[in-house]
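To start, the structure itself, in structure tokens.
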Amino acid sequence: MIKKDIIEKIEGEADVVFTKKNGVVDDIDLIFPYSRGIESILEGREYRDALVIAPRVCGICSHSHLIAAVNAIEDGFRKANIAFELTEKARCIRDFALSCELIQNHIKWLYLVILPELYKINRLEIPGDLIKKASKITYAITKAMAIFTGQWPHASYVVAGGVSCDPSYVEVLQAKALVDEVLEYMHEALFNPKEMSILKDMESVFTLLEKADILSLCMHTENFLALGDTFFSRSGVYKEGILSKIDIEKIEEITRYESKAKDVLYDHEFVEVGPLARALINQDEIVNGIYKEYKSGIWSRIFARIFEGYTLTLKAKEILECMDVSQQSCVLSHHKKSLSFSGIGIVEAARGSLVHEIVIKENRIDTYNIITPSQWNLSRGSVNKKGVARQAVRGARSKEEAYLILRSFDLCSVCTTQ
Amino acid sequence: MAEGRDESIKKLFDAKSAKVNTNRGEEYFADLYVKCQKRLGELKAMPATGGGVDLRKVLEEDGFERRDFLKWASATTAMLMLPASFTPLVAEAAEVMNRIPVVWIELSDCAGNSEALLRSDGPKIDEIVLDIISLEFHETLQAAAGHQAEKQLEEALELFRGKYILFVEGAIPLGIDGNFGTLGAKAETFKDHLLRLADGAAAVVAVGSCATYGGIPAAAPNPTDAVGVMDIVKGKPVINIPACPANPANIVGVVLHYALTGSVPELDSLLRPKFAFGYRIHDNCERRAHFDAGEYVEEWGDEGAKNNFCLYKMGCKGPMTFNNCSIIRYNESVNWPIGVGRGCIGCSEPDFWDKYAYERPMANAHIKAPTGGVERTVDQFGLGLLTAAGIGIGIHAAASVMAGKKNSDEKDA
């Protein structure tokens with residue numbers, strides 16, 4: 001029996017076709033019917049235009065796309081023998097803003113996606129204050145970010161060689177006060193910093209999962225990937241418990257005619273990217289402890305993501321504390337002569353590894369290729385070799401459970417099909 | 001330099017580009033006041049729809065004082081270009097906004113406007129938009145999904161037929177018969193979906209540059225043949241709130257105006273509310289004094305950048321862009337692009353991706369500068385921007401330097 005159904009929820013839409021066997025979900029098919037063709041819009045333009053167009057790939061992770069674009073350009077500069085070193089300050093500001101974007105994404109997902117779904121699956125009324133709780137943190141953290149980025153979403157303060165803003169200590173203090181506000185809230189509602197135990201809202205997640213008997217729901221082949229070496233995470237492959245180095249050459253993108261989204265594989269295999277992958281590759285002790293018990297189940301994924309939000313908030317505070325505002329904002333002057341280069345920009349975005357690849361010929365974008373986090377997690381694959389999310393939904397006892405599994409990866413169709 | 005030329009340049013930059021009539025005389029406002037009172041009285045008598053919540057209670061619970069709320073109301077009154085005496089009415093209108101049903105749909109977009117709206121300012125979003133406005137249906141924000149969501153939408157459309165305001169985020173792709181974007185199990189195209197929903201709406205609000213002009217999906221080579229709402233919806237009041245993302249203050253402003261007066265705000269030729277798009281960024285820019293003094297940023301991170309000089313030479317499109325970001329700013333007014341030393345990219349103007357681009361001074365960007373002197377209204381100015389040939393605005397950069405105020409090149413010489 002095949003039943004076609006639709007899933008559409010915060011951050012985009014996609015068609016899901018369920019196949020059930022003996023009352024449980026046997027397989028799904030994910031189809032992204034929608035596309036704007038941003039890569040082709042970028043082609044032919046001056047390369048610096050990528051810094052304002054790329055963020056518009058996605059209003060949800062606009063800053064990650066901005067950083068991926070600038071990383072690709074700067075990587076290309078280096079390969080073209082243009083020597084420069086970003087100042088510590090410029091790096092700090094970019095990292096701080098990226099932390100803020102990840103924090104707000106993680107928190108919003110917890111309160112606007114995961115908790116409501118969990119109440120629904122337990123046939124309980126959804127508490128009315130979830131949106132308010134989400135907005136408490138997201139207001140404060142995006143405000144802190146906008147102090148340096150001008151606005152969120154779609155900031156454009158980043159330029160090749162640095163940033164355009166030149167904050168004073170007053171602004172740094174203003175941002176710090178906002179980050180402190182967020183930390184205080186997290187210490188009240190999510191994690192107890194002294195005992196490193198979970199609090200109220202995280203307890204609710206655990207209890208609701210336990211009640212619905214789905215703590216370990218959603219397992220796949222235990223193959224994880226993180227491509228970025230960043231201020232908060234390392235790159236690596238974590239396959240069946242073994243950690244190894246990455247090789248960019250092993251990434252393979254496959255066009256699928258049925259859907260606007262391309263499949264993407266690493267070393268011929270489908271992999272999971274995102275906070276859980278990052279934590280395992282970072283060998284984070286706390287997340288590892290949970291992973292040992294619940295494997296790639298829903299609880300591991302939720303815990304890893306929210307815990308990353310928390311540790312990033314601590315990092316964000318640290319960044320502000322050691323920022324030296326007297327350093328230069330930008331170290332590159334504009335190149336008057338025509339440039340040809342190619343580069344790769346990698347960013348660890350909220351949902352996982354994001355890649356921008358560019359080829360520039362005489363200052364114009366020749367090709368622009370984007371691989372987004374949701375593409376990794378939601379690749380379709382074939383009947384014999386299924387994508388990660390497709391493996392994970394197998395055995396779900398109801399449509400609600402299958403939805404919850406998909407949402408634990410937090411699909412973003414906006415990004416995926418661009 | 002010829003005097004005539006100097007004179008015309010002077011006129012160009014001294015021009016009160018926006019002839020938004022903010023003072024229509026006592027009689028007009030007295031009349032409007034009575035009309036608004038009547039309207040609010042009617043709204044109050046209506047039951048709150050959907051998940052309507054008492055604003056006062058919510059604010060109290062959240063530790064907002066009445067004073068904070070009134071402060072917000074007076075700022076909003078000013079933004080809507082109404083006299084200060086309207087402040088209590090605006091406050092009242094905010095309290096009865098939950099009588100106005102809102103349906104919000106997303107088409108070919110990036111969800112950026114919803115994201116911006118989620119952090120609207122003033123009495124925060126959860127109070128003012130999700131609780132106070134009765135958001136009957138929002139594809140991204142609502143809890144229901146799939147068939148359940150479709151059912152909820154159908155119910156809202158039926159129940160509030162002729163009364164709801166339809167907010168549209170995203171462009172409409174018309175290529176391959178509209179099949180670049182489809183919704184729901186019936187695979188309705190974005191165009192049909194929009195037309196069906198617009199049919200029962202009291203007014204349609206296009207939020208963001210994609211919904212207004214097609215935005216980024218419509219940028220060359222426009223792979224999906226994308227267009228804006230006003231190209232599709234005919235015979236209905238359409239209000240455009242362009243910018244990328246649209247400023248939440250302006251979104252809330254439009255609903256407030258509708259609650260207050262029962263009509264759409266005064267619009268310019270591009271259907272943008274004049275209260276928000278009546279002035280150029282340049283007119284109220286915090287760096288304007290540096291433009292007038294001929295002090296420019298010449299390279300990212302130079303001395304000029306450190307001193308917050310004018311970004312015109314770095315490609316700032318503020319002089320050609322109508323929007324109120326220089327006053328309203330973003331993210332609870334904490335900052336805006338020019339505040340972080342990045343020029344305006346002109347995101348509230350038509351075709352800005354192709355015509356304006358960025359980091360290229362306008363002199364090199366193949367765009368025609370606006371012409372016209374003091375008599376030009378915002379409408380004529382807006383059209384002039386698209387069609388008229390005139391003096392390159394870049395001349396001013398040279399002219400103010402020649403005026404001997406400051407020349408950064410002198411230092412090198």
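Any residue in segment A:32-50 that's under 15 Å from A:ILE371 (Cα atoms) and open to solvent by 10 Å² or more (accessible area, probe 1.4 Å): show its pairings with residues that are modelled with pLDDT under 85 and in a helix (DSSP H, G or I) at Cβ separation under 7 Å, as long as the two are six or more apart or on different chains.
Cβ pairs passing all conditions: A:SER35/A:THR417.
Does segment A:267-274 contain any residue that is of a type in the set (D, E, K, R), closer than 25 Å to A:ALA402 by Cβ and either surrounded by fewer than 19 Cβ atoms within 10 Å (Cβ to Cβ) or touching a strand residue (DSSP E or B) at 6+ places or on another chain (Cβ under 8 Å) (or both)? Talk me through it step by step, then tell me what you get.
Going residue by residue through segment A:267-274, those that are of a type in the set (D, E, K, R) are A:267, A:269, A:272.
If we keep only those that are closer than 25 Å to A:ALA402 by Cβ as well, we get A:269, A:272.
Among the residues that remain, those that are also either surrounded by fewer than 19 Cβ atoms within 10 Å (Cβ to Cβ) or touching a strand residue (DSSP E or B) at 6+ places or on another chain (Cβ under 8 Å) (or both) are: A:269, A:272.
Looking through segment A:267-274, at least one residue is of a type in the set (D, E, K, R), closer than 25 Å to A:ALA402 by Cβ and either surrounded by fewer than 19 Cβ atoms within 10 Å (Cβ to Cβ) or touching a strand residue (DSSP E or B) at 6+ places or on another chain (Cβ under 8 Å) (or both).
Select from segment B:218-232 the residues that are of a type in the set (Val, Ile, Thr), surrounded by 22 or more Cβ atoms within 10 Å (Cβ to Cβ) and part of a loop (DSSP other than H, G, I, E, B) and list them in ascending order.
Result: B:THR224, single match.
Could you please let me know if A:LEU225 is in contact with a strand residue (DSSP E or B) (Cβ under 6 Å, 6 or more places away or on another chain) and more than 21 Å from A:SER296 (Cα to Cα)? If you could, list the steps in order and put the result at the bottom.
Working: in contact with a strand residue (DSSP E or B) (Cβ under 6 Å, 6 or more places away or on another chain): yes; more than 21 Å from A:SER296 (Cα to Cα): no.
Judged against the criteria, A:LEU225 is not a match.
Scanning segment A:381-403 for residues that are assigned to a helix (DSSP H, G or I) and hydrophobic (A, V, I, L, M, F, W, C), which turns out nearest to A:GLU272 (Cα to Cα)? Even if it seems obvious, please write down each step before you answer.
The first filter runs over segment A:381-403 and keeps only residues assigned to a helix (DSSP H, G or I), leaving A:388-393, A:399-403.
Narrowing the set further to residues that are hydrophobic (A, V, I, L, M, F, W, C) leaves A:388-389, A:392-393, A:402.
Numbers: A:VAL388: 6, A:ALA389: 8, A:ALA392: 11, A:VAL393: 14, A:ALA402: 17 Å.
Once the filter is applied, the top-ranked residue is A:VAL388.
What residue, among those in segment B:263-288 that are acidic (Asp, Glu) and part of a loop (DSSP other than H, G, I, E, B), is surrounded by the most Cβ atoms within 10 Å (Cβ to Cβ)?
Of all residues in segment B:263-288, those acidic (Asp, Glu) come to B:266, B:268, B:283, B:286.
Checking the rest, the ones that are also part of a loop (DSSP other than H, G, I, E, B) come to B:266, B:268, B:286.
On the way: B:GLU266: 13, B:ASP268: 22, B:GLU286: 13.
Taking the candidates together, the pick is B:ASP268.
How many of the residues in segment B:157-174 are of a type in the set (Gly, Ala, Ser) and buried (at least 24 other Cβ atoms within 10 Å of the Cβ)? If you could, list the steps in order and put the result at the bottom.
The initial filter retains those residues of segment B:157-174 that are of a type in the set (Gly, Ala, Ser), namely B:162, B:170-171.
The next check asks that each one be buried (at least 24 other Cβ atoms within 10 Å of the Cβ); those that pass are B:170-171.
So the count comes out to 2.
If I go through segment B:289-307 residue by residue, how many of them are part of a loop (DSSP other than H, G, I, E, B), facing another protein chain (nearest Cβ under 8 Å) and closer than 19 Å to A:GLU171 by Cβ? Full working, then the answer.
We begin by selecting, within segment B:289-307, every residue part of a loop (DSSP other than H, G, I, E, B); these are B:293-295, B:297-302, B:307.
Within this subset, residues satisfying the condition of being facing another protein chain (nearest Cβ under 8 Å) are B:299-301.
Then drop every residue that is not closer than 19 Å to A:GLU171 by Cβ, which leaves B:300-301.
Adding up the residues that qualify gives 2.
Pick out the one residue from A:THR372, A:THR313, A:THR367 that is open to solvent by 10 Å² or more (accessible area, probe 1.4 Å) and closer than 27 Å to A:CYS58 by Cα. Talk me through it step by step, then tell me what you get.
On the way: A:THR372 fails: open to solvent by 10 Å² or more (accessible area, probe 1.4 Å); A:THR313 fails: open to solvent by 10 Å² or more (accessible area, probe 1.4 Å).
Answer to the check: A:THR367.
When you check A:ASN71 against the structure, is it more than 9 Å from chain B (Cβ to nearest Cβ) and over 30 Å from B:ASN308 (Cα atoms), yes or no?
On the way: more than 9 Å from chain B (Cβ to nearest Cβ): yes; over 30 Å from B:ASN308 (Cα atoms): no.
So A:ASN71 does not fit the description; no.
So is A:GLU181 farther than 14 Å from A:LEU98 by Cα, without any contact (Cβ under 8 Å) to a residue 12 or more places away in the chain and either open to solvent by 50 Å² or more (accessible area, probe 1.4 Å) or within 12 Å of chain B (Cβ to nearest Cβ) (or both) or not?
Working: farther than 14 Å from A:LEU98 by Cα: yes; without any contact (Cβ under 8 Å) to a residue 12 or more places away in the chain: no; either open to solvent by 50 Å² or more (accessible area, probe 1.4 Å) or within 12 Å of chain B (Cβ to nearest Cβ) (or both): yes.
Against the criterion (farther than 14 Å from A:LEU98 by Cα, without any contact (Cβ under 8 Å) to a residue 12 or more places away in the chain and either open to solvent by 50 Å² or more (accessible area, probe 1.4 Å) or within 12 Å of chain B (Cβ to nearest Cβ) (or both)), A:GLU181 does not qualify.
Does any residue of segment A:107-116 turn out to be open to solvent by less than 10 Å² (accessible area, probe 1.4 Å), more than 8 Å from chain B (Cβ to nearest Cβ) and not in a helix (DSSP H, G or I)?
no
For A:ILE41, indicate whether it is assigned to a helix (DSSP H, G or I), within 7 Å of chain B (Cβ to nearest Cβ), in contact with a Pro (Cβ under 8 Å, 6 or more places away or on another chain) and modelled with pLDDT of 80 or more. Even if it seems obvious, please write down each step before you answer.
On the way: assigned to a helix (DSSP H, G or I): yes; within 7 Å of chain B (Cβ to nearest Cβ): yes; in contact with a Pro (Cβ under 8 Å, 6 or more places away or on another chain): yes; modelled with pLDDT of 80 or more: yes.
Against the criterion (assigned to a helix (DSSP H, G or I), within 7 Å of chain B (Cβ to nearest Cβ), in contact with a Pro (Cβ under 8 Å, 6 or more places away or on another chain) and modelled with pLDDT of 80 or more), A:ILE41 qualifies.
Name the residue that is surrounded by the fewest Cβ atoms within 10 Å (Cβ to Cβ), counting only residues in segment A:1-31 that are assigned to a strand (DSSP E or B), modelled with pLDDT of 80 or more and out of contact with any strand residue (DSSP E or B) (no Cβ under 7 Å at 6 or more places or on another chain).
Restricting to residues being assigned to a strand (DSSP E or B), modelled with pLDDT of 80 or more and out of contact with any strand residue (DSSP E or B) (no Cβ under 7 Å at 6 or more places or on another chain), the top hit is A:LYS21.
Tell me which residues, restricted to segment A:128-160, are more than 7 Å from chain B (Cβ to nearest Cβ) and either among the hydroxyl-bearing types (Ser, Thr, Tyr) or touching a residue at least 12 places away in the same chain (Cβ under 8 Å) (or both). First the steps, then the outcome.
If we filter segment A:128-160 for residues that are more than 7 Å from chain B (Cβ to nearest Cβ), which is where we start, we get A:128-130, A:133-134, A:136-137, A:140-141, A:144-145, A:155, A:158, A:160.
Once the filter is applied, which keeps residues that are more than 7 Å from chain B (Cβ to nearest Cβ) and either among the hydroxyl-bearing types (Ser, Thr, Tyr) or touching a residue at least 12 places away in the same chain (Cβ under 8 Å) (or both), segment A:128-160 yields A:LEU130, A:LYS133, A:ALA134, A:LYS136, A:ILE137, A:ALA140, A:ILE141, A:ALA144, A:MET145, A:ALA155, A:VAL158, A:ALA160.
Please enumerate the residues belonging to segment B:317-333 that are modelled with pLDDT under 90, within 12 Å of chain A (Cβ to nearest Cβ) and either buried (at least 23 other Cβ atoms within 10 Å of the Cβ) or assigned to a helix (DSSP H, G or I) (or both). Steps first, answer last, please.
Of the residues in segment B:317-333, the ones modelled with pLDDT under 90 are B:317-321, B:327-333.
If we keep only those that are within 12 Å of chain A (Cβ to nearest Cβ) too, we end up with B:317, B:328-333.
Listed by number, the residues that qualify are B:LYS317, B:ILE328, B:TYR330, B:ASN331.
Would you mind stating whether A:ILE370 is touching a Lys or Arg at 6+ places or on another chain (Cβ under 6 Å), β-branched (Val, Ile, Thr) and within 14 Å of chain B (Cβ to nearest Cβ)?
Numbers: touching a Lys or Arg at 6+ places or on another chain (Cβ under 6 Å): no; β-branched (Val, Ile, Thr): yes; within 14 Å of chain B (Cβ to nearest Cβ): yes.
For A:ILE370, the condition - touching a Lys or Arg at 6+ places or on another chain (Cβ under 6 Å), β-branched (Val, Ile, Thr) and within 14 Å of chain B (Cβ to nearest Cβ) - is not met.
Please go through segment A:319-350 and give me each residue that is open to solvent by 10 Å² or more (accessible area, probe 1.4 Å) and within 14 Å of chain B (Cβ to nearest Cβ), ordered by number.
A:VAL325, A:SER326, A:GLN327, A:GLN328, A:VAL331, A:LEU332, A:SER333, A:HIS334, A:HIS335, A:LYS336
Being touching a residue at least 12 places away in the same chain (Cβ under 8 Å), under 30 Å from A:GLU362 (Cβ atoms) and not hydroxyl-bearing (Ser, Thr, Tyr) is the filter here, so list the residues in segment A:287-346 that pass it.
A:GLN328, A:CYS330, A:VAL331, A:LEU332, A:HIS335, A:LEU339, A:PHE341, A:GLY343, A:ILE344, A:GLY345, A:ILE346
Given the criterion in a helix (DSSP H, G or I), modelled with pLDDT of 95 or more and surrounded by fewer than 21 Cβ atoms within 10 Å (Cβ to Cβ), identify the matching residue among A:PHE303, A:PHE206, A:PHE232.
On the way: A:PHE303 fails: surrounded by fewer than 21 Cβ atoms within 10 Å (Cβ to Cβ); A:PHE232 fails: in a helix (DSSP H, G or I).
Result of the check over A:PHE303, A:PHE206, A:PHE232: A:PHE206.
Report yes if some residue within segment B:204-217 is assigned to a helix (DSSP H, G or I) and more than 14 Å from the chain's Cα centre (by Cα); otherwise report no. Break it down stepwise before answering.
Looking only at segment B:204-217, we keep the residues that are assigned to a helix (DSSP H, G or I), and these are B:208-213, B:216-217.
Applying the additional criterion that residues be more than 14 Å from the chain's Cα centre (by Cα) yields B:216-217.
Yes, there is a match, as at least one residue in segment B:204-217 is assigned to a helix (DSSP H, G or I) and more than 14 Å from the chain's Cα centre (by Cα).
Exactly one condition in (1) away from every other protein chain (no Cβ under 12 Å); (2) open to solvent by less than 10 Å² (accessible area, probe 1.4 Å); (3) in contact with a strand residue (DSSP E or B) (Cβ under 8 Å, 6 or more places away or on another chain) is false for A:SER99; which is it?
Status for A:SER99: all satisfied but (3).
How many residues does segment A:117-146 contain that are of a type in the set (S, T, N, Q) and either outside any helix (DSSP H, G or I) or open to solvent by 30 Å² or more (accessible area, probe 1.4 Å) (or both)?
Result for segment A:117-146: 1.
The values are calculated or read from the model by the stated rules, or taken from the named source; none is laboratory data. Quick caveat: nothing in here was measured; it's all calculated off a predicted structure. Cβ: placed from backbone, ideal geometry, glycine included. Neighbour counts: every protein chain shown. Note: accessible area is taken over every heavy atom of the protein model, side chains too, but ligands, DNA and RNA are not part of it. Shrake-Rupley method; radii C 1.70, N 1.55, O 1.52, S 1.80 Å.
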